[in-house]
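Visitor: Here it is, the structure, as structure tokens.
No value in this document is a laboratory result; all are computed from the given coordinates. None of the values given here were measured: they were computed from a predicted structure. Note: ideal-geometry Cβ built from the backbone for every residue, glycine included; neighbour counts use all protein chains shown.
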Amino acid sequence: MRRIAAWLVSVALLFVPSWSQTREKIKFLPDEEKYLTIALSGGFFFSKDEVFRQIYGDSLPVFGPHLTFRFPILDPHGLDFLLGGRFLQAKGKTSYTREETKLRIESLSFSVRYSFETGKFALFLGPGMDYVMYKETYAETFPVDSVEGSEAGFHITSGGYYHLSPSLSLKGYFKYGLAKTDAPGFQVNLGGTEWGVALVYRFYL
Amino acid sequence: MGLKNRVPSGRKSDLALIALFLALSSASFAQLRFTEVSQLYMVRGYSFFGGHGAAWVDINRDGRLDLYVKNVSSATVPNPPDILYINYGTYFLDEATLRGVADAYAEGTHGAVFADFNKDRNLDLFASTTYYTSKGVFNHLYRNTGNGFFQDFSSAILPSPPLNTTTRGVAAGDFDRDGDIDFYFSNPLSDPDPANPYPSPPKSLANFLINNGDGTFTLAYRGVDWTGFTQGVSAVDFDNDGDIDLAEAKWGPPSTIYRNDGNGNFLNVGSLIGLPATANVFDNAMVFADLDNDGDLDLAIVGEGAVTLYRNTGTSFSKYEVILSSRTGGVAHCCIADFDNDGILELYLSGENIYENDGTGHFTVVPASVSGLAASLTAVDPRGCAAGDFDGDGDLDIYLTDKRGYNLFFRNERNNSDWIQVEIVSDHTGSYGGLNSKIDLYTAGQLGKKAYLKGYREIQGEYGYLGQDMPFAHFGAPSAGGARYDLRVTFLDGRERTYLSLAPGQKIQVTMISPPLNFRGVKKENKALFYRESLIELNWEPNPLNTNVQKYRLYKIDSGWTLLAEVPGNQFEWTIRNVDKAKTYRFGITAVDEGGSESEPAYAVVGGSALQGDRVKSVFRSLNWKGV
């Protein structure tokens with residue numbers, strides 16, 4: 001047991017100087033630069049609504065583009081403004097008659113994020129607003145053809161970039177959304193969590 | 001020696017035999033006892049009189065027989081309304097005007113027959129309008145719209161019915177065997193003079209209303225010529241060949257029978273089957289019943305001062321007995337029924353006595369002092385009568401109309417459980433009442449064996465002279481020794497239903513087809529993400545009594561009955577989509593056979609407080625089955 005602990009400490013001591021050395025040497029991004037990124041993201045959405053999960057499953061793939069402006073404040077701190085879109089489509093079955101249903105959810109998001117940019121990677125965290133448009137289409141035997149509507153919501157998002165080159169980064173993110181609608185006559189929770197990755201291309205301004 | 005001493009002398013022996021005979025007779029007669037109760041039940045008719053015909057029918061389907069009284073005008077009172085006495089249990093109220101069947105035209109109504117012509121399980125009415133002097137009158141059809149309210153349906157007759165006819169007797173039945181009720185009316189011409197009843201040649205006039213099955217009737221001639229003034233009309237299958245024949249009692253020409261060829265075309269066969277060819281007689285009624293209990297319909301012709309009895313030999317009628325009337329002049333009508341529940345038919349002569357049958361069709365008068373029918377003998381100008389169990393006590397009561405006096409109502413005091421009644425709720429056509437269905441009652445275990453036949457009936461509409469008995473068959477069925485009975489119902493199309501080992505004291509409700517079993521429903525929620533649908537799943541089980549269910553009919557019941565769906569006969573569930581989650585729904589389901597006959601409904605309540613058993617039936621009955 002002592003031998004294992006000693007081995008772990010030795011490894012840790014080796015990595016600390018190595019990391020600080022890397023930070024200095026492999027810094028891709030210039031300091032205090034404004035930049036604009038475009039990204040294409042993909043991930044999985046985990047709904048908070050029980051009926052949603054019953055009909056469409058526990059997780060659904062989502063994808064969409066992002067546009068982000070970064071304004072450095074004081075290196076390495078900055079502020080990001082993100083405008084994004086998200087698209088979700090799924091097929092399911094009604095709970096009792098097992099008739100086919102189709103769901104399509106499109107949302108527009110705007111986030112303001114604090115970002116910590118190291119040059120090699122960056123971390124971000126911030127709140128945002130969503131505008132969610134939904135449409136559910138039913139089988140011919142169902143009493144109605146479709147239901148559609150829209151609702152506003154909020155979210156908080158967090159994640160990080162790993163810079164592959166001065167122009168290209170890999171992004172990982174987490175988003176927790178809050179959106180509820182009473183429009184059908186009962187409450188549907190459109191919120192949930194979303195985990196995903198994105199490929200990001202950067203333009204310096 | 002001692003024995004010899006006890007043998008009575010010849011005179012003593014005669015006296016003893018007479019005493020024994022009287023004792024036996026009185027013991028038999030003692031079972032017949034009526035009480036005149038017309039004032040008690042408020043059914044005396046109008047103070048200006050005019051009573052002519054009577055019909056016992058449950059027009060509002062509340063389980064109690066109502067009474068329709070057909071009236072003609074007096075010298076001072078024109079346009080006499082008919083009377084519809086609604087039975088409220090302990091009293092009757094005239095609601096003819098309220099319910100739309102006052103039929104107050106011209107000189108009043110003679111013949112009128114109730115029958116379910118549109119298969120909605122409600123008895124509709126075809127009423128004649130008497131013409132003497134008023135112009136523009138015609139016979140009327142009335143449709144029962146449910147719960148015993150009527151709507152004039154005469155416009156459904158195409159071409160329009162003839163005006164100013166002098167119809168007396170009318171008849172109802174599926175004459176053309178196409179599965180719905182047609183009508184016949186006598187004297188389809190204007191102003192025939194009863195005193196000169198010999199037209200020459202006979203007139204071939206349209207005198208049938210043929211039901212087209214689509215809510216219209218076609219006025220048609222089907223071979224029954226007008227040969228002279230007709231009084232009563234009866235429609236029975238006298239030759240047991242599966243179609244309905246017509247009998248007309250006439251003034252002048254001999255009364256006769258028109259045989260149906262099976263397609264609703266008729267031929268006068270009176271002279272071929274043993275009926276008298278004597279002219280210049282004045283008959284009022286031809287009444288058919290199985291007087292000798294041999295399984296066919298014998299005949300009583302009611303006419304001038306007598307009732308002449310004819311035995312049905314299978315191929316013809318053979319005159320065998322004459323009952324003389326104590327009244328001078330004509331006798332109008334007779335009711336033949338088992339009034340004392342002894343299993344043998346008696347005969348009540350309008351305005352006279354009741355006659356006891358010895359079981360072979362021979363009749364003996366029952367003194368009014370015994371029968372309680374003394375008031376009957378006081379009737380001023382008696383006309384039609386009708387028998388019906390108005391109080392549901394298992395014996396037949398008699399209503400007698402009087403043209404020149406108050407009508408009389410005789411309550412039967414037999415009050416025992418020696419009876420079986422048969423109500424045909426749905427016959428082979430789906431109609432209520434089962435007109436011309438034949439019903440045999442046998443000793444249990446001996447179904448179909450003639451030696452054990454205990455009674456034979458054919459359901460009739462108006463018969464004889466303007467009488468219509470209750471639309472159930474009534475059998476006296478003695479219960480002594482725990483006797484039980486088998487019953488066979490034969491519909492006009494030949495199909496049968498049998499009921500075995502029946503205990504006396506009950507009314508059997510017959511449907512050509514039985515409702516499905518275990519009909520029930522449950523409300524479910526069907527969820528999509530943005531739509532929540534409530535639906536009702538109904539399911540049922542096939543009734544093993546049915547062998548040929550073609551489909552099931554599902555009805556939604558609220559203020560009326562709405563047909564929801566027709567489901568194939570091999571399917572036993574149905575889903576109703578998108579219902580109100582909070583609402584209570586009521587449903588009825590019927591089975592329909594290949595012939596279109598529809599069963600009584602089974603019921604289900606979904607949502608709300610559960611109703612059970614008779615309470616469910618009561619609620620649904622109040623909603624008027626098929627009163628769409």
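Visitor: Scan region B:90-159 for trypsin sites (Lys or Arg not before Pro) in coil per DSSP, keeping those whose Cβ has at most 13 other Cβ atoms within 10 Å, and list them by number.
Guide: Those that pass, being in a loop and sparsely packed, are B:LYS135.
Visitor: Using the alpha carbons of region B:322-443, what is the convex hull volume per residue in cubic angstrom, as a whole number?
Guide: With only Cα atoms used, region B:322-443 gives 139 Å³ per residue.
Visitor: Between A:PHE174 and A:PHE154, what is the label-point separation in nm under the 7 Å Cα-to-beta-carbon projection?
Guide: 1.9
Visitor: Same structure again: Strictly over 22 Å apart at the Cα level, which of B:LYS556/B:LYS583; B:LYS70/B:LYS119; B:LYS319/B:LYS438; B:LYS523/B:LYS556 would you flag in this model?
Guide: As for pairs spanning more than 22 Å Cα to Cα, those are B:LYS70/B:LYS119; B:LYS319/B:LYS438.
Visitor: Still on this model: What FRET efficiency would be calculated for the residue pair A:LEU67, B:GLU537, taking the C-beta separation as r and a Förster radius of 56 Å, to the nearest 0.05?
Guide: In this case the efficiency is close to 0.60.
Visitor: Which FRET efficiency value, to the nearest 0.05, do you get for A:THR193 and B:THR584 by plugging their Cβ-Cβ distance into 1/(1 + (r/R0)^6) with R0 = 56 Å?
Guide: That pair, A:THR193 with B:THR584, gives E of 0.85.
Visitor: What do you get for Rg/Rh over the protein assembly as shown if you use C-alpha atoms and the Kirkwood form of Rh? Mind dumping the intermediate values first?
Guide: Working: Rg = 43.5 Å, Rh = 32.9 Å.
A ratio of 1.32.
Visitor: What is the mean number of Cβ atoms from other protein chains located within 10 Å of the Cβ atom of each residue in peptide B:531-537, rounded to a whole number?
Guide: 5
Visitor: For the modelled label position 7 Å from the Cα of B:TYR221 along Cα-to-Cβ, which residues of region B:249-269 have backbone nitrogen atoms closer than 15 Å?
Guide: Output list for this probe position: B:265-268.
Visitor: Let me have the 222 nm mean residue ellipticity of chain B computed from DSSP H runs of 4+ only, each contributing -39500 (n - 2.57), with the sum over all residues rounded to the nearest 500.
Guide: That calculation yields -2000 deg cm²/dmol at 222 nm.
Visitor: Quick check on chain B: of the DSSP beta bridges with both residues there, what percent are antiparallel, nearest 5%?
Guide: Given both bridge residues lie in chain B, the antiparallel proportion sits at roughly 95 percent.
Visitor: Within straight cross-link reach of A:LYS91, meaning Cα distance under 22 Å, which lysines are found once same-chain residues fewer than 8 apart are removed?
Guide: Here the lysines satisfying the reach criterion relative to A:LYS91 are A:LYS48, A:LYS102, A:LYS135, A:LYS180, B:LYS527.
Visitor: Distance from the Cα centre of region B:575-606 to that of region A:63-113, in angstrom?
Guide: Here the answer is 50 Å between Cα centres.
Visitor: Just add up the charged neighbours of A:PHE124: K/R +1, D/E -1, any other residue whose Cβ is under 13 Å from the Cβ of A:PHE124. Walk me through the numbers on the way to the answer.
Guide: Numbers: positive: A:ARG70, A:ARG113, A:LYS171, A:LYS175; negative: A:ASP80, A:GLU117.
Once positives and negatives cancel, what remains is +2.
Visitor: What is the spread of the Cα atoms of chain B along each of their three principal axes, largest first, in whole Å?
Guide: Cα extents, longest axis first: 104, 78, 46 Å.
Visitor: Taking each residue of A:142-149 in turn, how many C-beta atoms of other protein chains fall within 10 Å of its C-beta, and what is the average?
Guide: Average per residue, whole number: 4.
Visitor: Taking Cα atoms, how many degrees apart are the long axis of helix B:613-622 and the longest axis of chain B, rounded to 10 and kept between 0 and 90?
Guide: Helix B:613-622 and the main axis of chain B meet at about 80 degrees.
Visitor: Trypsin sites (Lys or Arg not before Pro) within region B:443-481: which are DSSP loop residues with at most 15 other Cβ atoms inside 10 Å?
Guide: Values: sites: B:LYS449, B:LYS450, B:LYS454, B:ARG457; in loops: B:LYS449.
Hits after loop and neighbour filter: B:LYS449.
Visitor: Moving on. Let me know the mean shielding of A:91-97 by other chains, meaning the per-residue number of their Cβ atoms within 10 Å of its Cβ.
Guide: 5
Visitor: Rounding to the nearest 10 and keeping the result within 0 to 90°, find how far the Cα-based axis of helix B:10-29 lies from the longest principal axis of chain B.
Guide: Orientation of helix B:10-29: about 30 degrees from the principal axis.
Visitor: What ranking, highest mean first, results for peptides B:421-432, A:123-134 when packing means the other Cβ atoms within 10 Å averaged over each residue?
Guide: B:421-432, A:123-134
Visitor: Taking a label point 7 Å from the Cα of B:LYS524 along the Cα→Cβ vector, which residues of region B:573-589 have an amide N closer than 17 Å to it?
Guide: Zone members listed by number: B:573-581.
Visitor: Then there is this: What does region A:33-204 give for Rg and for Dmax, in Å, if only its C-alpha atoms count?
Guide: Cα only, region A:33-204: 18.0, 61 Å (Rg, Dmax).
Visitor: Let me ask something else about it. A:LYS120: which lysines have alpha carbons under 30 Å from its alpha carbon, excluding same-chain residues fewer than 8 sequence positions away?
Guide: Within the straight-line limit of under 30 Å, A:LYS120 reaches these lysines: A:LYS25, A:LYS27, A:LYS34, A:LYS171, A:LYS175.
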